[in-house]
Each structure stands twice: as structure tokens, then as C-alpha cells.
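K.L.:
Right, I'll just put the structure down here and ask away after.
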Amino acid sequence: DGGRIEVICGCMYSGKTEELIRRMRQVRIARQSYRIFTPRMDTRYAEGQVASHSGSRLEAITVATMREILAHAQDAHVVAIDELHLFDDDPAEMVRGCQWLADRGARVIVAGLDLNYRAEPFPAMMHLLALAEQVDKLYAICVKCGAYATRSQRLIDGKPAPANAPTIVVGGLDMYEARCRACYEPAV
Ligand code: ADP
Ligand code: MG
């Protein structure tokens with residue numbers, strides 16, 4: 001019992017990883033068993049860590065698939081997965097795995113982008129948002145106008161990336177800007 005799914009979503013720099021780390025620090029204080037997973041695809045930081053843009057860090061297990069997550073999760077009370085959209089080569093498998101863990105009584109906390117750089121939903125996140133007991137959508141600050149940002153603008157040489165670019169390209173401030181709906185420039 002007590003199984004549930006919590007989704008933390010929003011655009012890049014909205015504080016998803018910070019929020020995940022904050023919740024997991026509380027889990028640690030509560031002395032509950034937990035595992036934190038981070039995708040092997042996320043090469044921005046050291047292996048075996050989740051790290052936020054503001055510099056907070058927590059130990060994590062670096063994995064590539066839901067199968068690996070399930071193998072490591074065992075009977076942990078809390079299972080956290082950061083950057084869930086990076087596991088999107090098999091969205092249905094991610095959704096099934098999260099459901100299975102929650103059905104068995106785990107508190108599952110996932111964080112990830114709700115939208116890709118074309119402002120289209122990531123399939124696994126889209127499904128988990130509908131299935132979750134708790135959803136928190138966070139906002140960054142639009143670098144153009146200072147409003148709340150909901151979009152991740154991918155730039156190549158300062159111009160919006162074309163619509164036919166690969167959906168997943170891991171990068172930071174050099175490649176992505178947080179923008180509001182009005183300042184976001186759609187990929188063409
Ligand atoms: P996410 O996981 O959602 O990408 P992080 O938790 O890693 O976000 O980082 C959030 C931090 O990013 C903020 O606390 C702030 O220090 C920094 N940051 C950089 N650019 C922005 C921006 N445009 N709006 C808000 N925060 C930003
Ligand atoms: Mg993050």
C-alpha cells in the first residue's frame with residue numbers, strides 16, 4: 001500500500017532536478033529505503049550522480065533501460081527517476097515499469113521534460129502525467145522577457161533548430177533557452 005506516482009515536469013531549467021533532490025533528501029531524513037536513477041544518455045554530469053543546474057547533487061544509479069531500473073529497485077520504498085524523457089526509446093515500457101512499481105506499493109517520483117524542443121509532448125511523460133497521483137509543473141524564467149517559461153528553445157548558431165533535427169540532443173545553456181509561449185520560436 002502507499003504506492004503512488006508523482007510527476008515533476010516543466011521545461012529546461014525549471015528546477016525539476018532540484019525538486020527531485022529536495023524530495024529525496026526528505027526521504028533520506030525519513031530513513032525510508034530508496035533508489036535514484038539517472039539515464040546513461042545524460043552525459044552532462046558525472047556517472048552515478050543526479051545534478052541540478054544550480055549545483056546540488058545526490059548519488060544515483062546510472063542506467064539505460066527500465067529493465068535495469070527494475071533489477072536495481074528491489075523493495076525500495078521510493079524509486080526516483082530523473083530525466084525520464086531520455087528513456088523515450090521505449091515509452092510504453094517506461095510507463096509499464098512505473099505502474100508496476102507503484103502497484104507493488106512503491107512511491108515512484110519521476111522528473112522530466114513534458115515537451116520536446118518542438119513543443120510536442122514526450123510520449124512516456126504524457127502518459128505518466130495522466131496516470132500520476134500527483135503532478136507538479138514547474139516554470140523557468142523566459143530569457144527574452146522574464147515571464148514564466150514553459151518551452152525549451154533549442155538553438156543552433158543562435159537560430160531555432162529545424163523541425164527535422166533529432167528529438168533528443170543532450171546539452172545545456174549553450175544549446176537550450178527557457179522561453180515563454182510568446183517568445184518561443186517554433187521549429188520549421
Ligand atoms: P531542470 O532539471 O528542470 O532542468 P535544474 O533543477 O537542473 O532544472 O536547475 C534549475 C536551476 O537552473 C535554477 O535554480 C537556476 O539556478 C538555474 N537557471 C538557469 N537558467 C534559468 C532560467 N532561465 N530560469 C530559471 N532558472 C534558471
Ligand atoms: Mg534536470
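Coordinate-derived values only; no laboratory data. Predicted model only: the values in this text are computed from it and were never measured. Note: ideal-geometry Cβ built from the backbone for every residue, glycine included; neighbour counts use all protein chains shown.
K.L.:
Please report VAL169, VAL143, VAL27 as a ranked list, fewest other C-beta atoms within 10 angstrom at the top and most at the bottom. Write out the running numbers ahead of the final one.
P.N.:
Working: VAL169 12, VAL143 15, VAL27 18.
So the ranking, lowest neighbour count to highest, is VAL169, VAL143, VAL27.
K.L.:
Given charges of +1 on the Cβ of Lys and Arg and -1 on the Cβ of Asp and Glu, with all other atoms neutral, how large is the dipole of the chain about its Cα centre, in debye to the nearest 20? Show your work: numbers first, answer last.
P.N.:
Working: 23 positive and 24 negative charges, 95 e Å.
Using Cβ point charges on Lys, Arg, Asp and Glu, the chain gives about 460 debye.
K.L.:
Shifting gears a bit: With a 10 Å Cβ neighbour count serving as the proxy for reagent exposure, in which order, fewest first, do CYS145, CYS183 appear? Please report the intermediate quantities before stating the final value.
P.N.:
Working: CYS145 11, CYS183 17.
Fewest-to-most Cβ neighbours within 10 Å comes out as CYS145, CYS183.
K.L.:
Summing +1 for each Lys or Arg and -1 for each Asp or Glu, what net charge is found among the other residues whose Cβ lies under 15 Å from the Cβ of GLU93? Present the calculation step by step, with values, prior to reporting the outcome.
P.N.:
On the way: positive: ARG67, ARG96; negative: GLU68, ASP88, ASP89, ASP90.
Cβ neighbours under 15 Å give a net charge of -2.
K.L.:
Report the relative contact order of the chain, percent, no decimals, based on alpha-carbon pairs under 8 angstrom and at least 6 residues apart.
P.N.:
Numbers: 394 pairs, mean separation 55.4, N = 188.
Here the relative contact order equals 29 percent.
K.L.:
Calculate how many DSSP beta bridges within the stretch 4-138 are antiparallel, expressed in % of all such bridges and rounded to the nearest 5.
P.N.:
Numbers: 4 of 27 bridges.
Expressed as a percentage, antiparallel bridges in the stretch 4-138 total about 15.
K.L.:
Could you tell me which residue out of SER56, ALA106, LEU84 lies farthest along the dipole of the chain toward its positive end? Charges go on the beta carbon: Lys and Arg +1, Asp and Glu -1, centred on the Cα centre.
P.N.:
SER56
K.L.:
Just from its helices, what would the mean residue ellipticity at 222 nm be for the chain, if runs of 4 or more DSSP H residues each count -39500 (n - 2.57) and the sum is divided by every residue, rounded to the nearest 500 deg cm²/dmol?
P.N.:
Details: 4 runs with 44 residues, N = 188.
After summing the helix terms and dividing by residue count, I get -7000 deg cm²/dmol.
K.L.:
Run the numbers for ARG4 and LEU131: contour at 0.36 nm per residue of separation, minus the present Cα-Cα distance, in nm.
P.N.:
Details: separation 127, 0.36 × 127 = 45.72 nm, distance 0.95 nm.
Between ARG4 and LEU131, full extension yields 44.8 nm more.
K.L.:
If you don't mind, another one. Neighbour counts of other C-beta atoms within 10 Å: give me THR17, THR43 arranged from fewest to most. Could the numbers behind the result be given before it?
P.N.:
Values: THR17 25, THR43 10.
Fewest-to-most ranking of THR17, THR43: THR43, THR17.
K.L.:
Right, another one. Pull up all non-local amide H partners of ASN116: gap of 5 or more, or a different chain, and H-to-H distance under 5 Å with H placed in the peptide plane.
P.N.:
The answer is PHE122.
K.L.:
Can I ask one more? With +1 on each Lys and Arg Cβ and -1 on each Asp and Glu Cβ, and nothing else charged, work out how big the dipole of the stretch 100-188 is about its Cα centre, in Debye to the nearest 20.
P.N.:
Working: 10 positive and 9 negative charges, 26 e Å.
About 120 debye.
K.L.:
Another question, then. Quick check: from the Cα gyration tensor, does the stretch 46-97 come out rounded (a/c under 1.5), prolate or oblate?
P.N.:
Numbers: a/c = 2.14, a/b = 1.41, b/c = 1.52.
The shape class here is oblate.
K.L.:
For ILE141 and ASP90, FRET efficiency with R0 = 22 Å and r from the beta-carbon atoms, rounded to 0.05?
P.N.:
Details: r = 33 Å, r/R0 = 1.52.
After rounding to 0.05, the efficiency reads 0.05.
K.L.:
On to the next question. For the chain, with the dipole built from +1 on Lys and Arg beta-carbon atoms and -1 on Asp and Glu ones, taken about the Cα centre, which of LEU70, MET41, THR150 lies farthest toward the positive end?
P.N.:
The residue sitting farthest along the positive end of the dipole is THR150.
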